[in-house]
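The structure appears right after this line, and notes come after that.
Derivation of every value follows stated rules applied to the coordinates shown; laboratory data play no part. On a predicted model such as this, the values are computed, not experimentally measured, just so you know. Every residue, glycine as well, gets a Cβ built from its backbone with ideal geometry; the counts of neighbours run over all protein chains shown.
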Amino acid sequence: MNTHVTILEIDGKALVHNLDYFKEKLQTTTKILAVVKAFGYGSDGAQVAKFLEHKVDYFAVAYTHEGVALREAGVQTPILVLHPHLQNLEVIIDFKLEPGLYNFKIFNAFLKVAKEKGSAQYPIHLKFNTGLNRLGFSATEIPTILTQLHASTAVKVQSLFSHLAASEDLEEKAFTTGQIEQFTAIKEELFAGLKYTPMLHLLNTSGVVNYPKAQFDMVRIGIGLYGFGNDAKETVHLKNTHNLKSIISQIHTIAAGETVGYNRAFAAKATTKTATIPIGHADGLSRRLGNTKGFVRINQQNAPIIGNVCMDMIMVDVTHIDCSEGDEVIVFNTQEMIQHIATTSGTIVYETLTAISPRVHKTLTP
Ligand SMILES: *Cc1c(COP(=O)(O)O)cnc(C)c1O
């Protein structure tokens, strides 16, 4: 049991608000896939999935073991594994996960495993590369894919999908439009060779915002669910889902000339009151936030982080804050605070959220 006093509270009402916000942008028939990879963007994938189970059509995870964790938590909804490997194919079937197949090595191996396990029409998803050049078949491979599919009754293509490279960047509109056109051409060639019609999906969060016409049958929403629209104009409509809180472990009053923390990085110029907080870089708080670049909130006031961020702790300046040992500390509870941490740490909110380590206690409030 995780008894860490540093807690990430996942706001269930905010998750639902954000989900509804994107649903309103879509046609009522468009299905929703909630992306819960990387522990639900640093929260708790199983708790988020259990909570949203009856509100979405699909979940996606990156890796097989992430899907297994959802099944072990009792999630019954279909789960797409975006990036399976040869080593996990049996586990995929054992846990009724649905593989996203991206090359012949994994495609052929999956058809073989599905046949050996006696599967019939096991749902698979075909991933096509349309310019991200990360994972996916190319259009030239379609004839061979069709030949293999016709020779197998073990699998059935549940969906075709691709992924946009720059859906948030309107300067890349021509490139993205090209990806949408390529995906449409791939779909036409594949559909012409199949006796049934798989689902199609292409858009992530920013895709839904900027290219809603390409919503096809389903959209894959990740960061938007967790409160960020990759654009301030979208983010204002979303609610923050990740609230990171801790407490004051100890307060020290130090004299001018004394130092705080490793390498004596902070030297007091005057009498200074410091508070030690049980959260450090091992919990996901970047070392770049040290030396007054980052702050926490204590009793409605900003307390700058002084000295270096330690592995397990930070020290903050509370000279001007009325506070006591045991008081609550807000590391972040708004999108602005998360964005500030991301910018100050030289990264994007995706990394700031997913950096929150499993050591932090995670709890979802419905
Ligand atoms: C992570 C991921 C998503 C979700 O993207 P967001 O920008 O977080 O909405 C969608 N599709 C694929 C293939 C992904 O890897």
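What to note about this one:
- Contact order relative to length of region 115-273, as percent, for alpha carbon pairs under 8 angstrom and 6 or more apart: 15
- Computed [θ] at 222 nm, helices only, for the chain once each DSSP H run of length n ≥ 4 contributes -39500 (n - 2.57): -9000 deg cm²/dmol
- One Cα centroid belongs to region 332-346, the other to region 244-269; the line between them spans 23 Å.
- Residues in region 326-336 carry Karplus couplings, in order, of x, 5, 6, 10, 9, 7, 7, 8, 9, 5, 4 Hz; the curve used is 6.51 cos²θ - 1.76 cosθ + 1.60 with θ = phi - 60°, and Gly or Pro positions show x.
- Residues Tyr226, Tyr196, Tyr262 arranged by fewest to most Cβ contacts within 10 Å: Tyr196, Tyr262, Tyr226
- Excluding same-chain neighbours fewer than eight residues apart, the lysines reachable from Lys23 by a Cα-Cα span under 21 Å are Lys13, Lys31, Lys37, Lys50, Lys55, Lys213, Lys233, Lys239.
- Long-range HN-HN contacts of Leu160 with modeled amide H, under 5 Å: Leu126, Met199, Leu200, His201
- Residues of type lysines that Lys112 reaches as a straight line, Cα spacing below 23 Å, ignoring anything fewer than 8 places off in the same chain: Lys96, Lys127, Lys156, Lys195
- Charge dipole (Cα centre; +1 on Lys/Arg Cβ, -1 on Asp/Glu Cβ; no other charges) of region 242-365 amounts to roughly 280 debye.
- Amide H contacts of Phe266 (H built 1.01 Å from N, under 5 Å, at least 5 apart or other chain): Val260, Gly307, Asn308
- Quarter of the Cα convex hull surface for region 149-256, i.e. its orientation-mean projected area (nm²): 13.4
- In this simple spin-label model, placing a label point 7 Å from the Cα along the Cα-to-Cβ direction at both Asn103 and Glu189 gives a separation of 1.9 nm.
- Sequence of Ile93, Ile251 once ranked by neighbouring C-beta atoms within 10 Å, starting from the fewest: Ile251, Ile93
- 5 angstrom amide H check on Lys362, placed H, neighbours 5+ away: Leu8
- The lysine pair count for region 242-365, using Cα distances under 19 Å and pairs eight or more places apart or on different chains, is 4.
- Once the chain from Thr147 to His361 is taken as fully extended at 0.36 nm per residue, the excess over their C-alpha distance is 72.1 nm.
- Of the beta bridges in the chain, as assigned by DSSP with both residues counted there, near 45 percent are antiparallel.
- Environment charge of Ala109, counting only residues whose C-beta is closer than 14 Å and scoring Lys/Arg +1, Asp/Glu -1: +2
- Local electrostatic count, Leu26, Cβ distance below 15 Å [Lys/Arg +1, Asp/Glu -1]: +1
- Taking Leu15, Leu135 and counting other C-beta atoms within 10 Å, the order from fewest to most: Leu135, Leu15
- Simple point charges give the picture: +1 on the Cβ of Lys and Arg, -1 on the Cβ of Asp and Glu, and for region 12-233 a dipole about the Cα centre of about 380 debye.
- With 5 Å bins from 0: P(r) over region 12-233, alpha-carbon pairs, percent: 1, 7, 15, 19, 20, 17, 12, 6, 2, 0, 0
- Neighbours of Leu160, meaning other residues whose beta-carbon lies under 11 angstrom from its beta-carbon, give a summed charge of -1 when Lys and Arg score +1 and Asp and Glu score -1.
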